[in-house]
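The values are calculated or read from the model by the stated rules, or taken from the named source; none is laboratory data. A quick note: this is a predicted structure, and the numbers were derived from the prediction, not measured. We place every Cβ from the backbone using ideal geometry, glycine too, and count neighbours over all the protein chains shown. To get the accessible areas, we keep the full protein, side chains included, count just its heavy atoms, and leave off ligands, DNA and RNA. Shrake-Rupley method; radii C 1.70, N 1.55, O 1.52, S 1.80 Å.
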Amino acid sequence: MMSAAALTLSAAAAQAEYTLTILHTNDFHARFEPINRFDSGCGAEDNAEGKCFGGSARLITAIREARERAQTSILVDGGDQFQGSLFYTYYKGQVAAEMMNLMGYDAMTVGNHEFDDGPEVLRGFMDAVQFPVLMSNADVSREELLADTLMKSTVIERGGEKLGLIGLTPEDTHELASPGPNITFSDPVAAVQGEVDKLTAMGVNKIIVLSHSGYGVDQRVAAQTSGVDVIVGGHSNTLLSNTIENARGPYPTMVNGVAIVQAYAYGKFLGELNVTFDDAGNIIEAVGEPLIMDAAVSEDEAVVARLGVLAEPLDEIRNRVVAATQTPIGGDREVCRSEECSMGTLIADAMLERVRAQGIEIAIQNGGGIRASIDAGDVTMGEVLTVLPFQNTLSTFQATGAVILAALENGVSQAEEGAGRFPQVAGMRFTWDPEAAPGSRVVSVEIGLDGQFAPIEMDKVYGVVTNNYVRNGGDGYDMFAGEDMNAYDYGPDLADVTAEYLATYAPYQPYTDGRIKRK
């Protein structure tokens, strides 16, 4: 039997414990409307049939229900609210600010895409939101739009306890976005430790990092700093889960006593981490799971109605003339999935020109990603979006000649079946034999270097651009999947890149030039 003194001590210890529910999102990318299983737009009919996920109307319901379950909670975001749908193209950060205020976010970090339209748009967003936006690993003192508004860290109170929040953004944001010349980015470890030390000196012993740096960097920050309790991640669009097949790691992932979480992307999940601290601010327990935003989560009718109003002007974008073409641009399904087509040449050329300055030499676009042709005359953004409706982004990475050859073999392996993996290319040319066995069909490959073509070298490393679907193994391109190739999957939208290329060369003259030949 416990003594009275022991009972008193036990009660005191229980009172000193503090449980916090951390609700979190990351990489939302302007997916205010529901998405399909491919993370792109999901129509009203499919939504009514329960085939859609996410959307702000579902998310706000799930947040409301999670808060009711929790004793004490905060709602935070791991960055990249911006970019990814016509809502951002038209409204920039306005709709994100409105929806995040409605949901009652407590803080977010800056993602690289928050800089896509420069400090001006980020500042406008920050002025509109009712919560702090944070970024510790950058010097913004020379950028007057952000110098006095963008904080490295902050302290909020919840349930009678002080919580320290620190922001992180990619160290290479200057390469990924458009922050302008007045901001310099720095190593995340030193930046986080500096803010932890300041917060600790203020008597704060529960510290949460909001990190838009990727799962790998988050693990390094956890291992190489002291005083951090939780890292809410983003940037790598990583699904952490204890129950979902093919999740990248456990939820939370524990490193050096730090609980690391991330909830995929696009509002498909709401992260829910329950953390119990002792009186000294140490984690006693950290448990949770990302909650899928499927048809079982009801949509808030007021939010559905508001988004309907906001969506009306988007038709203006769909009707906006972006360029002109002298003759039709051929995107016929049967052609683009079996041989060079003029739409494939256009898209691959546009991709390569956009990132050539980054050391990229070749482009590969899957024929199945090309969904329509474009008639001669004026070209509207709606037509471009009909050709490229998937909201795919440019992905850049490095690969050896051997990997590229394997990719081309995959691409032509099912041409007779009209499979979507057929490769449309730029910066290279190849010959293939449809009569040969799949896996041995590519006869020759040449890479264009300074206007001259030379045979591909199996051991040489080349810079490649494709779309994020292909880079992550879609259409059988699993030789491209992985994270050891300096891969970056979240470049600009492929439709925007193609539209801008068409505008640059308007009136565009469609062509093919024999870059893909049959033996």
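Miscellaneous remarks
- Cα convex hull volume per residue for the range 401-519 (Å³): 131
- Restricted to Cα atoms, the range 332-462 shows a radius of gyration and a Dmax of 14.9, 45 angstrom.
- Per residue accessible area in Å² of the range 205-324, where ligands, DNA and RNA are left out and the probe is 1.4 Å: 39
- Mean accessible surface per residue for the range 427-519, computed with a 1.4 Å probe while every protein chain stays in place, in Å²: 50
- Degrees between helix 118-128 axis and first principal axis of the chain (Cα, 0 to 90, nearest 10): 40
- Rolling a 1.4 angstrom probe over the protein heavy atoms with all chains in place gives the range 26-182 an accessible area of 38 Å² per residue.
- For the listed peptides 432-444, 236-248, 83-95, 155-167, a ranking on the average number of other beta carbons within 10 Å per residue, highest first, reads 83-95, 155-167, 236-248, 432-444.
- Rolling a 1.4 Å probe across all protein chains gives residue 489 an accessible area of roughly 10 Å².
- Residue-wise HN-Hα couplings along the range 265-270, as the Karplus relation 6.51 cos²θ - 1.76 cosθ + 1.60 with θ = phi - 60° gives them from phi, are 5, 6, x, 6, 9, 10 Hz; Gly and Pro carry x.
- When the convex hull of its Cα atoms is projected in every direction, mean area for the chain (nm²): 27.5
- Relative contact order [Cα under 8 Å, 6+ residues apart], the chain, whole percent: 14
- Check: the range 393-519 dipole with +1 on Lys, Arg Cβ and -1 on Asp, Glu Cβ, in debye: 380
- Lys pairs, the chain - Cα-Cα below 15 angstrom, 8 or more residues apart or on other chains: 5
- The figure for residue 72 is an accessible area of roughly 20 square angstrom, using a 1.4 Å probe on the protein chains alone.
- Angle in degrees between helix 215-224 and the longest Cα principal axis of the chain, rounded to the nearest 10: 40
- Using alpha-carbon coordinates, inclination of helix 494-504 to the longest axis of the chain, degrees: 50
- Its residue count N sets the reference 2.2 N^0.38 Å, and the alpha-carbon radius of gyration of the range 51-162 equals 1.14 times that reference.
- Coarse-grained scattering of the range 26-76 at q = 0.15, 0.19, 0.27 Å⁻¹, given as base-10 log I(q)/I(0) from a Debye sum over alpha-carbon atoms: -0.48, -0.69, -1.00
- Counting only DSSP beta bridges with both residues in the chain, the antiparallel share comes to about 65 percent.
- Computed Kirkwood radius, in angstrom, where 1/r is averaged over Cα pairs of the range 122-212: 13.8
- The accessible surface of the chain, taken with every protein chain in place and a 1.4 Å probe, is 49 percent carbon and sulfur.
- A Cβ-based charge dipole, computed about the Cα centre of the range 247-376 with Lys and Arg at +1 and Asp and Glu at -1, lands at about 440 debye.
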